[in-house]
Every structure is written in structure tokens, then in C-alpha cells.
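Right, one structure below, let's go through it.
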Number of protein chains: 2
Amino acid sequence: MDTRVRPLASGVRAPDFDLRGWSSAHLERVEQALSGWVAADAPAGLGDAMRYAVLDGGKRLRPLLVLAACEAVQGNGHAALRAACAAELIHAYSLVHDDLPCMDDDVLRRGKPTVHVQFGVARALLAGDALQALAFELLTPDDGTVADIVQATLCRLLARAAGHRGMAGGQAIDLASVGLALAEAQLREMHRLKTGALLQGSVMMGAACGVAPAAAGAALARYGAAIGLAFQVVDDILDVTADSATLGKTPGKDAAQDKPTYVSLLGLERSRAYAQALLAQALAALDASGLDAAGQERTQALRALADMVVNRDK
Amino acid sequence: MDTRVRPLASGVRAPDFDLRGWSSAHLERVEQALSGWVAADAPAGLGDAMRYAVLDGGKRLRPLLVLAACEAVQGNGHAALRAACAAELIHAYSLVHDDLPCMDDDVLRRGKPTVHVQFGVARALLAGDALQALAFELLTPDDGTVADIVQATLCRLLARAAGHRGMAGGQAIDLASVGLALAEAQLREMHRLKTGALLQGSVMMGAACGVAPAAAGAALARYGAAIGLAFQVVDDILDVTADSATLGKTPGKDAAQDKPTYVSLLGLERSRAYAQALLAQALAALDASGLDAAGQERTQALRALADMVVNRDK
């Protein structure tokens, strides 16, 4: 094992890796690709609503995970760019539908009016629907740039991550859980599906853009599961600790809506310890992946992203 | 050319082909497959809503088109069964979302309460979203039964048919057209996308389950375009001519909602003639496909379905 690639102490970034520089180069490609691919040609204002929902906003964590995982397996970068954008489209559509009056009834997102406020409820509904379809369209180009087996695998992973045993299923549990006292296992299951499935799916999609030994694939899946859950634990922590200026949204909202959270269940200190334990799990999975053998630091972006997910302040 | 396989006179069924028997055998497989595949394992009542939306209802025209087109190219029947169900899931999700209060606000469909009436608006929204994801999940099994290239092609065709340049785009035009006087070209474009894209896509998905010469594929695409449009023209005719008992829904609804229709644009007689002309186009495309060469009647189910689409009374 290369001793330079070690589990990060929590809060410490990889000394030799510039996550900010890495992210900014990759995000520029993602933004350009999204702008080119998202539906400028859609009729009757639908394209405007789709672009409003997707462009110029968000952390783009899912695209970064796809691209970092692709780098870890030295996969097809063009396929990964498509997968990165597809994962973001699924995330974006879920936010559009989540914000609708029949769901969370939110009027602001990232400081802008939500899609249904800007374009009307019916068009927001359709824009979300069309974004989901577009995600699968991006994964299946007919120009020979992405191998059939990669296209099929990417569609399989994304459909599972988005569907009833993934994101949509988690949202259904969330809907049914307001005002209920969930046990930790139930809370974990809800978040594993609602948020974790697409984050883990993003990692696995990146891995599917290359050829990796089965053990490496399984290790990346464990990494994805750990940071998927950690993301939500940290979200719950920030919901009670961050001020609204830093967070960019109203803190305390979950508690106000009587939604179960990790903080309400475990308390703040145990939630923080849990997030750090999940970070350690994620890094240990990468250690065991075999991808960093022979002096390569292929997983350094994944390591830094895990650290960022857990130790972010917004 | 085999003289037994000739364009049908409009209204006349193929003498040697039993569409009722063919359909009933195929529909039994489709219903069983849907019942097995639709989300009994989804959490928090989501599966119940998804199954309610899909099972035990509808003409299943899209699945029949997929299966008939697969027969025409002698393709992989298992792949076609998955594609047939996937096309129906997209159709079913579109009805769930169309019926929502923010869209058509319908409380009855096929004589039953609509999904949001039965399960609540939020769960209906999620059920629709999850059905769309499940469609792509059905197309991408990892059990070796469907070749990667077929999986990729089916996902590509379905995503395009469902998305912003297909069904969702057509619905956006529909939404923006209420109360407007559309020219025939605009009305045709709306229906080409809203209804036609998924019907044509179903034919092309069936064709993608086998290997056909490019000319045959192009002919099937023309067939699909013609019956896709014919379906809507006939819908508009039945909306003014059928009684509600036959139709199973309230006739005259489009006119009452001030939606543009073929009948409002062309009148009843010219609409009927147009539907027959489209049937003739569809049959001519099959004649030109080359699929019926050498005494085979591979397109007989497609021929009978086209006839049924145009000459149905509900």
C-alpha cells in the first residue's frame, strides 16, 4: 500500500490534493455539458423551466462523485460526463417535484423562486417529468462514444437509484413519517433510499464507466453507501447548527415540520460522532478497494469529497 | 409480394388473422408480467399506488404494438415483453400526472377514482415518478436475457418518446394551447409529440428487439407515425360521436375545456377521411417494409392493430 494514500484524519484534507482546483475544472465541464444538453429545444416554455431547474445552482455533488469514481477506475471520461449530468438531472427533477405545493410547498430554492412559482405548477410538474426522461436520454447516445454495455449498466444503476427502491421510495417513507417517532433503523432506511441511493448510484455509475475488479466495485459501493448516509446526518446537524446566511436556506425547518432527524434521534454530539464514523468507513472502503495499488492515487478525489461531505459547513 | 398480404380495405379485418385471439394471448402475458414487475416491494404505500395506476385497466395498445412489431422482425420475445411493459408504465405514469389537480383535475378514470383521489396528491405524484424510473429498470435486466445493445437501444427510444421532444413536450404544448386557435400543422405537432411519440416509440422498441434491415426499420417508423396520429384523430372523433357508456368516459370533454381538436379544426367528415388516409399510409408502409416477403405474414398483427385503432368505437 502506498503510504501517502492513507485515511484522512477527520477534518484534514489530503495534503497533496487540491480538491478546489480539481472540482472547479470538472464543474466547468459539467456546467457546459448541462447547458448544451438541457432542452433548449423543448416546446412551449418547457425548455425554459427545465433549464431554470438545472442550470446555475447547487453543489453538484453527484456529478463530482461520478467523475471522481470514473477517475478511480480510469474509465471513459465522456461516458462519465454524461452520467454526471444524468445524475444531476434526476436530483434536479426531484427538487422541482419536492417543492410543489402538494409536497413541501417551497417558494424559494437557492435564493430564487422555485420552478412552480416561476413557471406555474403544471409546467413545473412536466419539467420534472421531462428531466427524468432526459437523464436516460443522456445515457444512451447513438454516436458510438459510449459502449452498449456501459449505456445499459448506467441506465440500470440510475433507474434503480431513482425509483421505488431508491429515491422515490425514500420520499414516500418521508411523506408517511411526518409526526412519527422513527427508530434509528427506520430513519436510516428512509435516508438510505431518499438521499443515499442516488449518491451511491452516482459513485457506481462512475465506476461503471471503466473496468474494475469486482472487489473494487464492491468497495466503491460501500464507500457510496457510507457517504450517502453521512451526507444526510450532516444535513441534519447543519439544520440545527448553521445560521441561515451560511446555509443558504432556513435552518430549523425539519424540526419545525416535525420531521424525524438524526439530531432529534441521537442528539448533536452522537450525530457528529456518527458522521465521523461514516467518513472513516468510506475511507476504509477505499483503502480496501485495491485501486490505489502501485503508487497510484486514483481515489484521492473520492477521499477528498468524502471529507468535504462530512466536514462542510453548508 | 404475397398477394394474401394486401392493404386492408378500411373497416375490414384481415380474413386470416384473429386479432382478438392474438391480443388475448399476448395480453395475458403482459398482465402477468406487469403484476410481477410493478413494485409490490415499494415502501410506505407507494407500491399500492403504483399497482393501482397500472394494473387491471386500459386497452394496452402500446404493449400490443411492441409485441406485434417484435413479431414482424422475429425478435427476442422476452425483451419485447419487458419493452411492452415499460411502454405501458410510461403511459400509466402520464395518466396519473395528467389527472392531478394542477393538470386536468380528473377524479375518475376507467370508472375508478383517479390515483390522487385514492392515495392523495403527493403519493400520486411520487407513484408517477417511480413508474417512469421503473420503466427504465424493466429495460435493463442484469440476468443476461436481453443483449446490451438491445437494452441501450430500448432505453434510448423510450427516453426520447417520453421526454421533452416526445410526450412531455406534447403535454407542454397542450397546456399552452387551451383556448387558442391552432393551425392544423400546430395541432398535428402537438399530437405527434403528446400521443404519437410513445405509440411510434412502442413500434420502434418492438423492432429493436430483433434485427431488421434499415429500410424495414424506417418503414415501421412510418407505420408508427401514421397510427400514432390516427389514434388521436379518432379520439377526437369519438369525443363528439360516442356516447359515454360506450366510451367509458365523458364525451365532449375536449370541446368543453376549449381544447383544439381535429373535429373542431376539420369538421367530422374530413376528420374521418383523414383517419382513413392515415390507415392507408400505415398499411402502405408495411407493404414497403419487405417484412412480408417470401409468403410470410409477419406484419399481420400490426395490420390488424392499425385497422383496430382507426375503426374502433371506443
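The values are calculated or read from the model by the stated rules, or taken from the named source; none is laboratory data. Everything numeric in this text was worked out from a predicted model, so none of it was measured. For neighbour counting, all protein chains shown are included, and Cβ atoms are generated from backbone atoms with ideal geometry for every residue, glycine included.
The table for this structure:
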read-out: Hey, A:Asp99 among the acidic types (Asp, Glu) and farther than 21 Å from A:Leu34 by Cβ or not; value: no
read-out: Selected residue (only one of B:Ala285, B:Ala277, B:Ala301 is within 22 Å of B:Ala218 (Cα to Cα) and in contact with a His (Cβ under 9 Å, 6 or more places away or on another chain)); value: B:Ala301
read-out: Any hit, segment B:92-115, residues being within 20 Å of the chain's Cα centre (by Cα), buried (at least 21 other Cβ atoms within 10 Å of the Cβ) and closer than 24 Å to A:Ala152 by Cβ; value: yes
read-out: Check on B:Val203, within 12 Å of another protein chain (Cβ to nearest Cβ), out of contact with any His (no Cβ under 9 Å at 6 or more places or on another chain) and at negative phi; value: no
read-out: Condition met for B:Ala183 (within 26 Å of B:Asn311 (Cβ to Cβ) and out of contact with any Pro (no Cβ under 8 Å at 6 or more places or on another chain)); value: no
read-out: Exclusive hit being within 27 Å of A:Ala39 (Cβ to Cβ), of a type in the set (Gly, Ala, Ser) and under 17 Å from the mean Cα position of the chain (by Cα), set B:Ala122, B:Ala86; value: B:Ala86
read-out: Which numbered condition B:Leu89 misses (of (1) within 19 Å of B:Leu27 (Cα to Cα); (2) of a type in the set (A, V, I, L, M, F, W, C); (3) more than 12 Å from chain A (Cβ to nearest Cβ)); value: (3)
read-out: Segment A:79-92 residues that are in contact (Cβ under 8 Å) with a residue 12 or more places away in the chain, paired with ones that are hydroxyl-bearing (Ser, Thr, Tyr) and in a helix (DSSP H, G or I) (beta carbon under 7 Å, 6 or more apart); value: A:Ala87/A:Ser202
read-out: One residue from B:Leu125, B:Leu157, B:Leu95, B:Leu175 being touching a strand residue (DSSP E or B) at 6+ places or on another chain (Cβ under 8 Å), of a type outside the set (Ser, Thr, Tyr) and within 13 Å of chain A (Cβ to nearest Cβ); value: B:Leu95
read-out: Members of segment A:149-167 that are buried (at least 24 other Cβ atoms within 10 Å of the Cβ) and not aliphatic (A, V, I, L, M); value: A:Gln151, A:Thr153, A:Cys155, A:Gly163, A:His164, A:Gly166
read-out: Residue in segment A:209-219 that is under 18 Å from A:Lys259 (Cβ atoms) and out of contact with any helix residue (DSSP H, G or I) (no Cβ under 9 Å at 6 or more places or on another chain) present; value: no
read-out: Evaluation of B:Ala214 against (1) within 14 Å of another protein chain (Cβ to nearest Cβ); (2) closer than 18 Å to B:Leu139 by Cβ; (3) of a type outside the set (Asp, Glu) (one fails), failing number; value: (2)
read-out: Considering residues of segment B:283-302 that are under 18 Å from B:Ser24 (Cβ atoms) and not small (Gly, Ala, Ser) only, the residue farthest from the chain's Cα centre (by Cα); value: B:Gln300
read-out: Residues of segment A:45-65 satisfying the condition of being within 14 Å of chain B (Cβ to nearest Cβ) and either at pLDDT 95 or above or in a helix (DSSP H, G or I) (or both); value: A:Leu46, A:Gly47, A:Asp48, A:Ala49, A:Met50, A:Arg51, A:Tyr52, A:Ala53, A:Val54
read-out: Helices (runs of 4 or more DSSP H) contained entirely in segment A:149-246, each with at least 3 residues that are closer than 20 Å to A:Asp287 by Cα and at pLDDT 95 or above; value: A:197-208, A:214-241
read-out: Residue selected from segment B:32-44 under the condition surrounded by fewer than 17 Cβ atoms within 10 Å (Cβ to Cβ) and assigned to a helix (DSSP H, G or I), by the criterion farthest from the other protein chains (Cβ to nearest Cβ); value: B:Gln32
read-out: When residues of segment B:128-148 are limited to those that are more than 7 Å from chain A (Cβ to nearest Cβ) and in a helix (DSSP H, G or I), the one surrounded by the fewest Cβ atoms within 10 Å (Cβ to Cβ); value: B:Leu138
read-out: Filter result (under 26 Å from A:Asp307 (Cα atoms) and either at pLDDT below 95 or not aliphatic (A, V, I, L, M) (or both)) within segment A:23-44; value: A:Ser23, A:Ser24, A:His26, A:Glu28, A:Arg29, A:Glu31
